[in-house]
Every structure is written in structure tokens, then in C-alpha cells.
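**Q** Can you keep this structure in mind? I'll have questions shortly.
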Amino acid sequence: MPIQPTYPGVYVEEIKSGVRTITGVSTSITAFIGRTLRGPIDEPITINNYGDFERIFGGLWLNSTLGYALRDFYLNGGSQAIIVRLTHSKLKQAEGQAPPEGQAPPEGQAPPEGQAPPEGQAPPEGQAPPEGQTPGQTEPTAKKAQLNVNGLNLEAANEGSWGNLLRVRIEYLDVNVVRDAESQKLFNIKVFDKNTNQLELFRNVSVLPNHPRRVDKVLLNESYLVRFRDESVPTDRPAAHADPTPDKRLWDDNDTNTKAEENSGADGDDLDVNDFTGLNKEANKQGLYALYKADLFNMLCIPPYKNDGNIDYDSLVDPAAEFCKDRRAFFIIDPPTSWTDKDKAKNGIQNFGEPTSYAAVFFPRIKQPNPLRENQIEEFVPCGAIAGVFARTDVERGVWKAPAGTEATLTGVPQLSVPLTDAENGELNPLGINCLRTLPAFGRVIWGSRTRKGDDRLTDEWKYIPVRRLALFLEESLYRGTQWVVFEPNDEPLWAQIRLNLGAFMHGLFLQGAFQGGKPEDAYFIKCDKETTIQNDINLGIVNIIVGFAPLKPAEFVILKIQQIAGQIAV
């Protein structure tokens, strides 16, 4: 800091160099959204391995494809993922309101005149909702398991049938150790999860309102399994459970512990599009928009959630791609189950949402053994495996390398649902459909790297996946690396610092081979001066920075020209 001279002598002052190193952001954090067996709802949870997913969200589950996609992500080189668990919510049916279409009215009740709005949807504009109901008022179909533990009203930490196997015991302390246990109403509480054999033990908790270890606060902050059902805590210490008889184990279903009320926990119904993008979801940061609460994600996967193995392609793909555009991310789209051959894929892509450079579709699906069905071969979506290959390629070669080719092998994928020939691949590639192929010696590989704007007829500059993803990487890195500029004096010293710092970052990428050109001036430029920021901009508090780069584009077509040469004629 500046020194105020007060005495004759030599003063030493350190001067900042003005260099602020810009660090490139991650390029392969992948968000997975859908149903899981357990775990927090509408909360983005970061995990670093598949063990985390099993511990927090319950692992593979026959009622959801998310776990299988995540497994493929880690098998193929993925490192960090964000999981958003969703459950289904349905529109509340008020008294005197017609049931949703296709649903019979309650027994003995005639449906009133008119029809209720579709499930999860508000009444049409200008039409008042039925009496006693507000627009968009919904209730979840998934329920938390309930437990009445000797007067303590507890519930599972989150929704799902997993909570039906919870067991809880109350034990008193040894009065020889803590002589005032009765006066402080102290006790121990044990919680056991028979699904995972996880045991939680909380010692010296109390029901006294001002006690530092009040039981409801301890469970809220320390337990992964149970919570208090309501805010009221009983004033009396709960009775202790008896010890089990010698012929029974401690956590068997007997009178020596409390189990959840029968079938009080429920997994809920299958998801629909309203659970992702329904009314007020964006405002409340729920569904797809729960990712607003995540600091950063680079890729998005939405595994199938419908009974037919699909998603709502007609109503979810476009909002998801638009959301990725806003968050500088990339959407990996799975092929529908109806794409059973090349022709159906060619016809289906015409009605597959608006073409966008922030998404790509891959075809066909993959075939793998299902460990929950005695390893029988089934079809699964490829999004998780593809995201894993993207992550692996980013680490090994860089985000500017197309995640395709003989290096982009699909680990853990013994078969593809539709084998494709070179000629069929040649029909699909110009339409922006990226093919998965089986190549001799290499196995299953990704053999395409085009965005949804990759249709040759669109002649779009963002037709290739690595070009779009490199731009996203630059945008996010420079956005985060220039926050220091805000509120700095807007004049040439600031502009020079900007050129210095951004230039150092871009030059580092140039040396790694991220751009075209043999010289820096052919590969990128940084412009920030009085030409980009005129006096009117300065008056408005604006500094304009222009960053240009020459992207590398993949060599899709390698053409070898071979010619015979005639024998040389002696003269």
C-alpha cells in the first residue's frame, strides 16, 4: 500500500504488476436431471464418483434410467457430475372440480359441468380457477415415510419408499456417567436404514427447549436419514425401547424398535414435462431450473423418464436447449425409441425441435447388460457415455478436439441398437445426426461431431461441436476472469491491463494448439481501446472488449489421391 513518508530515510514499496491471471473454467461438469430412489429434491448436488451417487441417491433403480446414464458417464471418463432429483406433482383437485381427463370422479360423486384443466396446467387465460383452488397449485405424489417414536413425530429426510425400511431406537444414558440425565431429559437416539445398513447415533440429545442439543435441531443438522415432522417438540422425554430377546436381532421387526408406518413412504408417479418446465418452475428454481442454484455446469443430460423410454421431445427439447444457451452449456440429446433404422432417423429429425448450436443428437441407442435384471441385454440411452467421452477428450486433448473418431471409444458398450454402414452414416451426417458406429479393432465409437445446426443446408458457422464448446469455454472463462474490471477507472491504463491479461490467457491456449494459425496474430486478437470504447460509452460506464479467435475445425473428410506413375523412359 502507498507509504506516507514521515522521517528522512529510505522507504520500500511494492507495486502491483497489473497481471491478473485468468484461469480456464472446467469444461466437463455434467448435469443429470430425473428420478432417483432417494435424495434431496430440486437441489443440485455435486458428486465426484459413482459411490457418491449410490450413497446419496440410492444407485441403480429399475424405475429410472438416470442411474444407468450416470454409470456410463463415469465408465467413459467423466469426473464431476451434478444430480437434480425430481418427483412428480399433480394439480390439486378442489371440491366440486372435475377430475383430470381420463380419470373417474370419486365414488358417489358426479362430475360437475365442464372439465378441469390438464394435469399440472393452469386454467386458460381469462378463466377463473375452480373455487378453493389457485392456478398452478400442485401436490407431490411422492411421500415421506412417517415414524412415531415413543412420542417423537419423525419422518424420512426425503421422499421415497426407501424410508419405509427406517428403524429408530431410544436409549437412556448410564446414570453413573451422567447423573443429571433425568433433569436434563437426556437420551440417545439411533437411526438405522435397512436398505444400506447405515447407522446413525446421536448421544445426549434432549427435549428441553433451551438445551444446546435439542433433538430436532440435532437431527436437522446432523442426520442424513430423519427429520422432525413438525416444529413442536414434546416436553417429556420419550420412553426407552426394550432390549431385544436373545433369539432376535436388534433391528428385526419387533417391539424393541420403531419402524416406519406401513407404506407411508412413496416414490410417486412417473415424471412429465411439467415437472421440468411447468408453471412457476423457473421462478421457484425447481425442475430444470434448479440448476440456477449450481455455480457451473457444462453439459446437460435428461435421460428418459416416460414409460415408453422417451422424454417429451416436442415440449422439452427446445426449453432445455434455450436454458443451456443462457447458462453457456451444451445439451446432449438422446434418440427416441421410434428411431429403429436410418430412414426413421432421417424423417424424425425434421420434427425434432428448433435447430440450435447448443445441442447435439446422437444415434442409435446402446445395448448393455442390466445388473438389476440378471444382466439381460437391454437398450439404454447413450447420453451418459457420450458425456463421459467428451470429458475424457477434454482432459487428454482439449475442448477444441472433436470428441469423435477412433479415440472416442465407448467403454462398457458391447452392442448398438442399430448397426450403421458407411452409406447410411453418409445420409445422416449431413443432417446433423451424429452416428455411433462399430469399427473393426476399435469397437463402438462416436463417429460424428455436429451440433443441431450441423445440417449442411443451414451453412451455419457453429455446425461443429468443438467450435461451439470452445466458444463456451472462452466466454465463461473470460466472463469470470474480468470481474475485477467492474468499477475501475475507464481509460487507457485499464484498457492496457485488459489487453495484457486477456492476451496472456489467449496466448496460452494458442501454444496448446487451440486455434488455427502459425502466429498469434493469425490465431486470435484482443481489441480494447478508444475505437471500441468511445466517449459516449465512457459516459455510460461501458467498456467494450472484442475477442476474436480462429477455431480449429475437425477433418471430417480425409481424401487420399493415389496415382500411378509411368515407368521412366530412357533417353
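**Q** Computed FRET efficiency, Cβ-Cβ of N307 and N204, R0 51 Å: what is it to the nearest 0.05? Mind showing how you got there, number by number?
**A** Values: r = 49 Å, r/R0 = 0.96.
Computed FRET efficiency for N307 and N204: 0.55.
**Q** Cut-off under 17 Å on the C-alpha distance; same-chain residues fewer than 8 positions from K190 excluded. Which aspartates and glutamates are left, in chain and number order?
**A** E155, E171, D174, E200, D216, E222, D243, D252, D253, D255
**Q** May I ask you to list the chymotrypsin sites (Phe, Trp or Tyr not before Pro) in the stretch 493-571 that are in a DSSP loop and have at most 16 other Cβ atoms within 10 Å of their Cβ? Could the numbers behind the result be given before it?
**A** Numbers: sites: W495, F505, F510, F515, Y524, F525, F549, F557; in loops: F557.
Those satisfying the criteria are F557.
**Q** Give me the angle, in degrees from 0 to 90, between the Cα long axis of helix 465-481 and the longest principal axis of the Cα atoms of the chain, rounded to the nearest 10.
**A** That helix lies at roughly 70 degrees to the long axis.
**Q** Separate question: What cysteines in the chain have no other cysteine with a beta carbon less than 4.7 Å from their beta carbon?
**A** Unpaired cysteines in the chain: C324, C435, C528.
**Q** Please identify the trypsin sites (Lys or Arg not before Pro) of the stretch 443-550 that satisfy two criteria: DSSP loop assignment and at most 13 other Cβ atoms within 10 Å. Which are they? Don't jump to the answer; show the numbers that get you there.
**A** Working: sites: R444, R450, R452, K453, R457, K463, R468, R469, R480, R499, K527, K530; in loops: R452, K453, K463, K530.
When the trypsin sites (Lys or Arg not before Pro) of the stretch 443-550 are filtered for loop state and at most 13 Cβ neighbours within 10 Å, K530 remain.
**Q** Leaving out ligands, DNA and RNA, and with a 1.4 Å probe, what % of the accessible surface on the stretch 371-495 is carbon or sulfur? Present the calculation step by step, with values, prior to reporting the outcome.
**A** Working: 2910 of 5490 Å².
About 53 percent, which is the carbon plus sulfur part of the accessible surface.
**Q** Between the stretch 5-70 and the stretch 510-571, how far is it from one alpha carbon centroid to the other, in angstrom?
**A** The stretch 5-70 and the stretch 510-571 have Cα centres spaced 32 Å from each other.
**Q** On to the next question. Let me have the 222 nm mean residue ellipticity of the chain computed from DSSP H runs of 4+ only, each contributing -39500 (n - 2.57), with the sum over all residues rounded to the nearest 500. Don't skip to the end; give the middle numbers.
**A** Details: 13 runs with 122 residues, N = 571.
Calculated mean residue ellipticity at 222 nm is -6000 deg cm²/dmol.
**Q** Another question, then. Based on Cβ point charges of +1 for Lys and Arg and -1 for Asp and Glu, what charge dipole magnitude is obtained for the chain about its Cα centre, in debye rounded to the nearest 20?
**A** Numbers: 59 positive and 76 negative charges, 349 e Å.
Dipole magnitude for the chain comes out near 1680 debye.
**Q** Which percent of the Cα-Cα distances in the stretch 367-437 go past 13 Å?
**A** Counting every Cα pair in the stretch 367-437, those more than 13 Å apart make up 71 percent.
The values are calculated or read from the model by the stated rules, or taken from the named source; none is laboratory data. Here the structure is a predicted model, which means the values were calculated and not measured. Ideal geometry is used to build each Cβ from the backbone, glycine not excepted, and the neighbour counts take in all protein chains shown. Calculation scope for accessible area: heavy atoms of the full protein, side chains included, ligands and nucleic acids excluded. Shrake-Rupley method; radii C 1.70, N 1.55, O 1.52, S 1.80 Å.
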